Amino acid sequence: MVLQTLRKGASGWIAKIFLVVLTLSFVVWGIADVFRGMGASSVASVGGTEISAQVFRQQYLDQLQRISRQAGRAITPEQARAFGLDRQVLNQMIADATLDAEAARLSLAVSDAQIAREIAENPNFRAPGAKAFDPGYFQQILRSNGLTEQRFVASEKQRQVRDQLLQSLGAGVSVPQVLLEAVNRFEGETRTASYIRVTPAAAGTLPAPTEEALRAYFDAHKLAFRAPEYRKISVLALTPATLSAGITVTDADAKADYDRTIARFGKPETREVQQIVFTSAADAAAAEEKIKAGATFADIATARGLTPKDTDLGLVAKSAILDPKIADAAFSLADGAVSGPVEGRFGTALVHVTKIVPGAYQPFELVKPQIVSELQLDKAKRIILDMHDKVEDERASGATLQEAAQKLGLKVQSFDVDRSGHDTAGASVDVPGGADVISGAFAAQPGVETDTVQLPQGGGFVWYETAAITPARDRTFEEAKDAVTARYTEAETEKAVEAKAKELMDKAKAGTPLAQVSAEADIPLQIAEGLHRGRAEGPFSAESVTSVFDVKEGGFGIALGAPEPDRIVFQVTKVEVPQQMPDTSRVSQELSRQLENDVLVQYLAAIQKELGVKINERLFAQAVGTNPAN
């Protein structure tokens, strides 16, 4: 992490070398020899430089954790291998070792003074709010990442030496003008096409499939109808929702919550309130006497030089009045009444109510189920960790999942699913813990205890066991008949649409104008203008647009329609090539980057071929936790 922090905002050469890793993988794994005759703890070697299995495994796990944090969920080793993460990490380490070996041969080096200066100038090593390098903060960051200053400095020296080598190769690669012009023509060219959209309806009604045809199709595609492996998974889900069902909430508790939060169940009573604040209690008492003698509240306000703007609080709820004493007084008066002197926060006041708008609330009995459910969930969230510990204690004592659940008043669910989470009928199943539980169950054997899955965002915990395995098998024709009929019909429909499209195109190629072909087939002729490479437009997908650009002006073709199985019979009627070069800075930068990568790939491949790259496949497989035979 600290290495990323230091390098943030630095030169792009680290990024460039990462971009060529995938390309290099084809080179590295293509030329690498099977590992023989080297250190038993080395997963790979470049010339005389060995990469230990321990260091490789640590970097692989670090990268796996980093990706998991970015994804917001745990990435399993199986998923990581499917993404090719294991080989990407080793390829990067091999590329680094290659550069180190070449740098050593060329006697490249970086001084301690240069490293010290760059560390001191790096703003990431300044304490929050500080404007200068803080040695203590720097040491704190190193310790939090498990690094010593010596290890960090050594690592930075290696990185900068590699940068020197890479910059000497790729820096300043210029893009030929002829290449820029070719790219401009390629990206800026647009085409207009007239087309006929051939749909299943246009292809005509298909005859009902015969039993013989269906059986023949089934026999030719048995693998497509094979029943996958299913696993019966016993699942104990400990979530607020599952716990809440067993939690009792009394009517008294529910009513207390209703009274405390009643504002959310309706609209509170509001009142139009006026107040006059006096500088002394004596003045307030005198004003009260005048009102009792027949003066109005407005008379008192006018006599004191106050306008309605000075006295009005507006139409407000009780909670909107900041002074609790004033609020209590205002909401205890009858409509039109004036209070006696009230000792408020800002002085003694008289309060006048000019209008009362009654509140409207849902009755308690109507919202009681909602309140009970909320209180149950709230209590469940507070006790879920205690219940987790109890389940773990039961499991540790040797209890089965079913026994632990029964003792603690919990419920074990059972699911029969394939690897994709579908049941035997093909319906998607909502298994608690989702892919983590399903993949774990398919990696475990019956009777083997599995790791607990912690749900994200404090959602709870899931324990699971593989209860039984139903091996994959071939379905009989009778079992698969409905699916066979559907697949057969889809295939025959696609053939019919393709044949109809070819028939129409052949007519057009033979000289019949496409408009006439369209009219005779009773299919409307349409026009697509301004088609660009790689951009979907109307019924043309990004892929089918490529077919339009594969045909010369005036030529015909057939493209896949969207949605399939539609086909598009088209004629290119216009080709436009941009005459002026637009701003090419972005394209030039991208092409320059690609040329730099090409140079780097070729350079590294040549060095690796000269030095020799060896990979211990067996130790590599062990380091990433897989079977060498796989």
#### Entry: Selection within the range 299-319 - of a type outside the set (Val, Ile, Thr) and touching a strand residue (DSSP E or B) at 6+ places or on another chain (Cβ under 9 Å)
301, 304, 306, 308, 310, 312, 313, 314, 315, 317, 318
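Going residue by residue through the range 230-242, is there one that turns out to be of a type in the set (D, E, K, R) and modelled with pLDDT under 85?
Among the residues of the range 230-242, not one is of a type in the set (D, E, K, R) and modelled with pLDDT under 85, which makes the answer no.
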### Message
So, residue 232, is that one among the basic types (Lys, Arg) and more than 30 Å from residue 415 (Cα to Cα) or not?
### Response
no
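This table checks each residue for (1) more than 23 Å from residue 496 (Cβ to Cβ); (2) surrounded by 17 or more Cβ atoms within 10 Å (Cβ to Cβ).
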{"site": "543", "(1), (2)": "no, no"}
{"site": "546", "(1), (2)": "yes, no"}
{"site": "564", "(1), (2)": "no, no"}
{"site": "594", "(1), (2)": "yes, no"}
{"site": "600", "(1), (2)": "yes, yes"}
{"site": "603", "(1), (2)": "yes, yes"}
{"site": "607", "(1), (2)": "yes, yes"}
{"site": "610", "(1), (2)": "yes, no"}
{"site": "624", "(1), (2)": "yes, yes"}
### Query
Applying the selection to the range 291-329, what residues are in contact with a Lys or Arg (Cβ under 9 Å, 6 or more places away or on another chain), open to solvent by 90 Å² or more (accessible area, probe 1.4 Å), free of Cβ contacts under 8 Å to residues at least 24 places away in the same chain and under 17 Å from residue 339 (Cα atoms)?
325
### Message
So if I check each of 530, 561, 538, which one is touching a helix residue (DSSP H, G or I) at 6+ places or on another chain (Cβ under 9 Å) and at pLDDT below 95?
### Response
561
### Message
Go through the range 381-404 and report how many residues are under 15 Å from residue 452 (Cβ atoms) and either open to solvent by 100 Å² or more (accessible area, probe 1.4 Å) or among the small types (Gly, Ala, Ser) (or both).
### Response
6
### Query
within 28 Å of residue 603 (Cα to Cα) and at pLDDT 85 or above - does that describe any residue in the range 117-133?
no
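Matching residues to (1) basic (Lys, Arg); (2) more than 30 Å from residue 619 (Cβ to Cβ):
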position: 99; (1), (2): no, no
position: 105; (1), (2): yes, no
position: 119; (1), (2): no, yes
position: 140; (1), (2): no, yes
position: 151; (1), (2): yes, no
position: 158; (1), (2): no, no
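Determine whether the range 406-420 contains at least one residue that is crowded, with 18+ Cβ neighbours inside 10 Å and either among the basic types (Lys, Arg) or over 34 Å from the mean Cα position of the chain (by Cα) (or both). Give the steps one after another, and end with the answer.
Step one: of the range 406-420, the residues crowded, with 18+ Cβ neighbours inside 10 Å are 410, 412, 415, 417-418.
Going one step further and asking which of them are either among the basic types (Lys, Arg) or over 34 Å from the mean Cα position of the chain (by Cα) (or both), we end up with none.
Checking the range 406-420: not a single residue is crowded, with 18+ Cβ neighbours inside 10 Å and either among the basic types (Lys, Arg) or over 34 Å from the mean Cα position of the chain (by Cα) (or both).
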### Summary
Output for Cβ contacts, cut-off 8 Å, separation at least six or different chains, first residue under 18 Å from residue 454 (Cβ atoms) in the range 233-249, second among the hydroxyl-bearing types (Ser, Thr, Tyr), reads 233/414; 233/464; 233/466; 235/414; 235/464; 236/464
### Summary
If we keep only residues of the range 521-559 that are assigned to a helix (DSSP H, G or I) and free of Cβ contacts under 8 Å to residues at least 24 places away in the same chain, then the residue nearest to residue 504 (Cα to Cα) is 547
### Task
Restrict the check to the range 60-74 and report whether at least one residue is open to solvent by 70 Å² or more (accessible area, probe 1.4 Å) and over 35 Å from the mean Cα position of the chain (by Cα).
no
### Summary
Taking the range 505-537 and keeping only residues that are surrounded by 15 or more Cβ atoms within 10 Å (Cβ to Cβ) and small (Gly, Ala, Ser), one is left with 508, 518, 521, 528
#### Entry: Hey, residue 464 of a type outside the set (A, V, I, L, M), touching a helix residue (DSSP H, G or I) at 6+ places or on another chain (Cβ under 8 Å) and either more than 30 Å from residue 210 (Cβ to Cβ) or open to solvent by 70 Å² or more (accessible area, probe 1.4 Å) (or both) or not
yes
### Query
Which condition number in (1) assigned to a helix (DSSP H, G or I); (2) surrounded by 16 or more Cβ atoms within 10 Å (Cβ to Cβ) is the one that residue 133 fails?
(1)
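For the subset of the range 252-271 comprising residues that are touching a residue at least 12 places away in the same chain (Cβ under 8 Å) and either of a type in the set (D, E, K, R) or in contact with a Gly (Cβ under 6 Å, 6 or more places away or on another chain) (or both), which member is most open to solvent (accessible area, probe 1.4 Å)?
Looking at residues that are touching a residue at least 12 places away in the same chain (Cβ under 8 Å) and either of a type in the set (D, E, K, R) or in contact with a Gly (Cβ under 6 Å, 6 or more places away or on another chain) (or both), I get 267.
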#### Entry: Test for residue 350: is it touching a Pro at 6+ places or on another chain (Cβ under 9 Å), under 21 Å from residue 308 (Cβ atoms) and either free of Cβ contacts under 8 Å to residues at least 12 places away in the same chain or surrounded by 16 or more Cβ atoms within 10 Å (Cβ to Cβ) (or both)
yes
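The values are calculated or read from the model by the stated rules, or taken from the named source; none is laboratory data. What you see is a predicted model, and the numbers here were worked out from it, not measured in a lab. When we count neighbours, we look across all protein chains shown, and the Cβ atoms used for this are built from the backbone with ideal geometry, even at glycine. Side chains included, ligands, DNA and RNA excluded: accessible areas come from the protein's heavy atoms. Shrake-Rupley method; radii C 1.70, N 1.55, O 1.52, S 1.80 Å.
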